[in-house]
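What follows is a short report on a single structure.
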Protein chains: 2
Amino acid sequence: MNVTVNGKTRHYRTVTFDSRTNSVRLIEQRLLPHEFKVVAATDYGATAAAIRDMIVRGAGAIGAAAAYGLAQGARAFHGRDLGRFARHVERVFQGLKAARPTAVDPLNAMLQVRRRMEAGTDVGEQQALALAAAEEFAHEDVQHCQAIGDHGAKLIRDGMNILTHCNAGWLAFVDVGSATGPMYRAQARGRRFHVFCDETRPRSQGATLTAWELAQQQISHQVIADNAAGLLFARDKIDLVIVGSDRTLGRTGEVANKIGTYAKAVLARRHGVPFYVAIPFSTIDWNLKAGRDIPIEERDESEVLGAWGMAAGSKSRARTPRPTVPEYVRVANPTSRAFNPGFDVTPPELITGVITPAGIFRPEELWRERRDLGGPR
Amino acid sequence: MNVTVNGKTRHYRTVTFDSRTNSVRLIEQRLLPHEFKVVAATDYGATAAAIRDMIVRGAGAIGAAAAYGLAQGARAFHGRDLGRFARHVERVFQGLKAARPTAVDPLNAMLQVRRRMEAGTDVGEQQALALAAAEEFAHEDVQHCQAIGDHGAKLIRDGMNILTHCNAGWLAFVDVGSATGPMYRAQARGRRFHVFCDETRPRSQGATLTAWELAQQQISHQVIADNAAGLLFARDKIDLVIVGSDRTLGRTGEVANKIGTYAKAVLARRHGVPFYVAIPFSTIDWNLKAGRDIPIEERDESEVLGAWGMAAGSKSRARTPRPTVPEYVRVANPTSRAFNPGFDVTPPELITGVITPAGIFRPEELWRERRDLGGPR
């Protein structure tokens, strides 16, 4: 998407590859929304570190970063011995996989790259195929988000107020984003609408990343406390809800997404407001049979007990270097502990529709339509 | 309630009066939960400033502070001229009233003190009556919270998990608190239970004040993001909800309380969990005829766009003085704005019962029972 820095507007993707320098170029997301900066990971170890240290985050984005990282590592090999090359690639694969061991996207992305490489008959050919496969993975991620945008934009009418939760925007993918895809497409079609961004405690991705994205695209928006949506629903100030998903069960239509999503779905139903989930195929889980089997990650208590932000004086202190990463402050009572589940599960009866690259479906229809949605036979 | 500082446990009230030094003594609530300190306001101007600057906050607490402040100001008068005394008292009254012009509690408390003073026939007698009336106001505040505790404790059974929102604890009153009253009484009766404290963004009074209160009383508790309650309800981890109220309509049973309360009531209903509101008589509004007529304060955007906390290094920086007030950090995208409503309204059909000093009622019963609840004829 376009980003304006110091008055200059340029098109960026979250993850790109520079084949000349064999570098993975990434938006440094830990600095957002306070600073926009693109960093280069010049070897696969740096790419793995960028994934591990959250310079890049979001399912599609870390998938593409891992795919590029595997190609980058493969291309750094000098020699013609296919056996030694294969062992080298395996080391690269394991190094990138270990960067975010519980995430499924980097693994699937790298397996896809490796399958494509196998068609090559020498090292050079396999290296070229690896890069082609990584580029294709990234290209497909963008295309899928664009298709979600095309289908979802039909839901957005002039003058609407839209609620979204967390960040399922272009920063979480290679470009465009899932929940934001319909908004960007509707804007391109000349529609005017307003977005309420749940701040999305405890990590505040709505207040930081989604708000930054919408501001960059000059889409009218306001940040709200997660507590405020109830009043907005009660006052008929929300016409449509669009959220992303971390895992959607293809067999049941249950949607796991960032903690707090479920409460918004319950409120939307009570007030008769349509509630949509935007998902690329990669987030559909065709295996699990029940939402209660989805593991709910319990994250570190410190996230709930504090917040990350920039102190008011940070930019003006003359002689000290300006902090580059927001600082952590302890908010809660120092002797209290927290419970910090990362996700919740929304049942299909609360979901009006699932916006996929192949169209909009009722959640219960996913299994029937599974062949069009990249699912099993 | 008891507070333990440096290993020593003592009983404190939020607001007390020291007649020897003619001072209002207040817990400095802006330092909580990071530091516990009692400050003395040595003249009525200082008491007004403490109310204005939020050293003391919460309906009952600022009511008592204003009542004591009026007595304090009256007692500082030297002379016997009743006319000059009356003009002096009027200046004190206006000075304290201006400290928090939209709050109703300080006004009602001071009117009560002034009515009692009128029975005195000379300055000395009126001064003595002012202090007696202020002490009575504070005493009644405590008694009402204790009565709420007695009635509400019956709802708390061994092993229960209780959800509460914001701070309706003893820090918001003179002692005991409204929503916390039943918890403290149940604990005194030997019941064991666990409390989930909504952090209550944007001002985080749950994470700071309620968590501090419960930790001081050694009540098992955890802070949760406001987003987390949905998952807890869905997992049957909440058995009872008790919240306070800023204004309850005696005619309709609608309850205005801190933003986010309504969403919790909707979730509680969906999951069949009882939802109670604890209210002293002073928060019942017998005049308004509909919840939609309750003015919803829109508070400053900065509350949503940032957070207040203590930086990790704050206590260890050797040569710089330790900060006494938590620091504000900007969390959200710097070019985004926020919408920050302070309250929402929960309809009576979502409320299982209203816990008052006179017993527990269905919200629709308040009007019928109005004589027992301090209401009109």
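The values are calculated or read from the model by the stated rules, or taken from the named source; none is laboratory data. Being a predicted model, the structure only gives us computed values, none of them experimental. With ideal geometry, Cβ positions are generated from the backbone for all residues, glycine too; neighbour counts draw on all protein chains shown. Heads up: the accessible areas ignore ligands, DNA and RNA and are worked out on the full protein's heavy atoms, side chains in. Shrake-Rupley method; radii C 1.70, N 1.55, O 1.52, S 1.80 Å.
Figures for the structure shown
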read-out: Qualifying residue in region A:130-152 (condition: aromatic (Phe, Trp, Tyr), within 14 Å of chain B (Cβ to nearest Cβ) and touching a residue at least 40 places away in the same chain (Cβ under 8 Å)); value: no
read-out: Close pairs from region B:203-229: first open to solvent by 10 Å² or more (accessible area, probe 1.4 Å), partner small (Gly, Ala, Ser), Cβ under 6 Å, at least 6 apart; value: B:Ala215/A:Ser336; B:Gln222/A:Ala338; B:Asp226/B:Gly260
read-out: Hits in region A:41-92 - residues which are assigned to a helix (DSSP H, G or I), open to solvent by 30 Å² or more (accessible area, probe 1.4 Å) and of a type in the set (A, V, I, L, M, F, W, C); value: A:Ala46, A:Ala59, A:Leu82, A:Ala86
read-out: Filtered residues of region B:324-362 (kept if polar (S, T, N, Q), surrounded by fewer than 17 Cβ atoms within 10 Å (Cβ to Cβ) and within 14 Å of chain A (Cβ to nearest Cβ)); value: B:Thr335
read-out: Enumeration of residues in region B:23-40 that are of a type outside the set (Asp, Glu) and open to solvent by less than 30 Å² (accessible area, probe 1.4 Å); value: B:Ser23, B:Val24, B:Leu26, B:Ile27, B:Gln29, B:Leu31, B:Leu32, B:Pro33, B:His34
read-out: Residue match in region A:6-13 (condition: touching a helix residue (DSSP H, G or I) at 6+ places or on another chain (Cβ under 8 Å) and crowded, with 24+ Cβ neighbours inside 10 Å); value: no
read-out: Selection within region B:205-243 - more than 7 Å from chain A (Cβ to nearest Cβ) and assigned to a loop (DSSP other than H, G, I, E, B); value: B:Gln217, B:Gln218, B:Ile219, B:Ser220, B:Arg235, B:Asp236, B:Lys237, B:Ile238, B:Asp239
read-out: Some residue of region A:170-192 being within 14 Å of chain B (Cβ to nearest Cβ), in a loop (DSSP other than H, G, I, E, B) and open to solvent by 10 Å² or more (accessible area, probe 1.4 Å); value: no
read-out: Flag if A:Asn333 is modelled with pLDDT of 95 or more, in a loop (DSSP other than H, G, I, E, B) and not hydroxyl-bearing (Ser, Thr, Tyr); value: yes
read-out: Odd one out for B:Gly120 among (1) surrounded by fewer than 21 Cβ atoms within 10 Å (Cβ to Cβ); (2) part of a helix (DSSP H, G or I); value: (2)
read-out: Number of the condition not met by A:Pro321 [criteria: (1) more than 14 Å from chain B (Cβ to nearest Cβ); (2) modelled with pLDDT of 90 or more]; value: (2)
read-out: Only listed residue being over 18 Å from the mean Cα position of the chain (by Cα) and farther than 25 Å from B:Ser282 by Cα, chosen from B:Gly73, B:Gly83; value: B:Gly83
